[in-house]
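Only one structure is covered here, and it is reproduced in the block below.
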Amino acid sequence: MAQWDEKSVAEELLACEAERRDREPFTDEWPELDVDTAYRIQDANLEKRLARGEKLIGVKLGLTSEAKQKRMGVYAPFVAWLTDDMVMEIGAPVPQAKLIHPRIEPEIVFIMKDRLEGPGVTRESAMAAVGSIRGGAEVIDSRYRNFRFKAGDVIADNASSGAFVMGDEDFAVEDVDLLAEKVEVHSDGELQHTGTGEDVQGHPGEALALAANDLARRGLAIEPGMIVLTGGITDAVFSPPNSRTEVKFSTLGEFTIDGGDEPAN
């Protein structure tokens, strides 16, 4: 049995990502991998990403909807990092050559105009710091086999980060009823999931406040211009090569994500 610590877990996660290799969760062998330890691993790997030339552009939330919590068996939301290496342009295919087993989930996206620093951030103060809203989708991936993990595993793994795409139209905060904003997710022409903004912590602004308050525990804040993915509104759908996923918002637009080609061996 391997003897894991923060340094070796961080290195193994980046190696799995680079090699498109999944593994069993670390908590099977290292049950002491708790939330605080996992965030230190997450932050250490962010520093490595920045050192190799990536730029920090925002934060993402994971497991903010009841559907996602039930699906994954982890009943608490958490925060992770977005870098420019994770950006997909509208119309671009899923980068299968970089990912292991991608899944797509719809997201309400905030673009920040003001700095948001906890503790004590409320939904109201969080929404006052938002500059605009977009529809989006995250292409989640996991370094864990069959997406099986506990909270410490997935936090260390940067909340199953892979790639993400945003619509190209900005909407003013006052022009979107976030509670009622509906989304449909179609896979290869068949409706798979529906949800509304209310499914994200009761209101996406609550997810934003949660992120700011959680980051404050680590002495961090959400900065102006950052992108915030507020968490999957519905459960995710697999996006294998040659598939087609359509994400249709009632106000925030719609887009299609092509599954792309089989990666070369």
Can you list the residues, at least 5 places off or on another chain, whose amide H is less than 5 Å from the amide H of residue 78, using H built in the peptide plane? 62
Shape of the range 25-155 from its Cα gyration tensor (a ≥ b ≥ c, root eigenvalues): rounded if a/c is under 1.5, otherwise prolate when a/b > b/c, or oblate? rounded
Full-extension gain in nm, residue 57 to residue 190, via 0.36 nm per residue minus C-alpha separation: 44.5 nm
Just name one of 38, 81, 135: the one whose Cα is farthest towards the positive end of the charge dipole of the chain (beta-carbon charges, Lys/Arg +1, Asp/Glu -1). 38
Nearest-0.05 FRET efficiency for residue 90 and residue 175, computed from C-beta distance (R0 22 Å): 0.60
Taking the Cα centroid of the range 1-34 and of the range 186-202, what is the distance between the two, rounded to the nearest whole Å? 32
Note, ³J(HN,Hα) from phi for the range 131-145, Karplus 6.51, -1.76, 1.60, rounded to Hz, x at Gly and Pro: x, 7, 10, 9, x, x, 8, 9, 9, 7, 9, 9, 8, 10, 4
Under Karplus coefficients 6.51, -1.76 and 1.60, residue-wise ³J(HN,Hα) of the range 242-248 in Hz, glycine/proline x: 6, 9, 9, 10, 10, 10, 10
In the neighborhood of residue 212, defined by Cβ-to-Cβ distances under 12 Å, what is the net charge if each Lys or Arg adds +1 and each Asp or Glu adds -1? -1
How far, in nm, would the chain grow between residue 47 and residue 125 when pulled straight, counting 0.36 nm per residue and subtracting the alpha carbon separation? 25.1 nm
How large is the helix-only mean residue ellipticity at 222 nm for the chain, computed as the sum of -39500 (n - 2.57) over DSSP H runs with n ≥ 4, divided by its residue count, in deg cm²/dmol to the nearest 500? -7000 deg cm²/dmol
Charge dipole magnitude, Cβ of K and R +1, D and E -1 - the chain, Cα centre, debye nearest 20: 440
Which links in 55/113; 48/150; 150/248; 48/182 stretch past 27 Å when you go from one Cα to the other? 150/248; 48/182
First check a/c for the chain, with a ≥ b ≥ c the square roots of the eigenvalues of its C-alpha gyration tensor; if it is under 1.5, answer rounded, and if not, answer prolate when a/b is larger than b/c or oblate otherwise. oblate
Round to a whole angstrom and tell me the spacing of the C-alpha centers of the range 225-259 and the range 99-137. 15
Give me, ordered by chain and number, the residues 5 or more places off residue 136 or on other chains with an amide H under 5 Å from its own placed amide H. 107, 109, 167
Fewest Cβ neighbours within 10 Å first, please rank 150, 113, 60 accordingly. 113, 150, 60
Check which residues have an amide H placed less than 5 Å from residue 231's amide H, if you skip close sequence neighbours. 61, 108
Pull out a ≥ b ≥ c, the square roots of the eigenvalues of the alpha-carbon gyration tensor of the range 134-265, then state rounded if a/c is under 1.5, prolate if not and a/b is larger than b/c, and oblate in the remaining case. oblate
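Every read-out reported here was derived from the displayed coordinates using simple, explicitly stated rules and does not represent laboratory data. Note that the coordinates shown come from a computational prediction; the quantities given were computed from them, not determined experimentally. Positions of Cβ are backbone-derived with ideal geometry, glycine not excepted, and every protein chain shown enters the neighbour counts.
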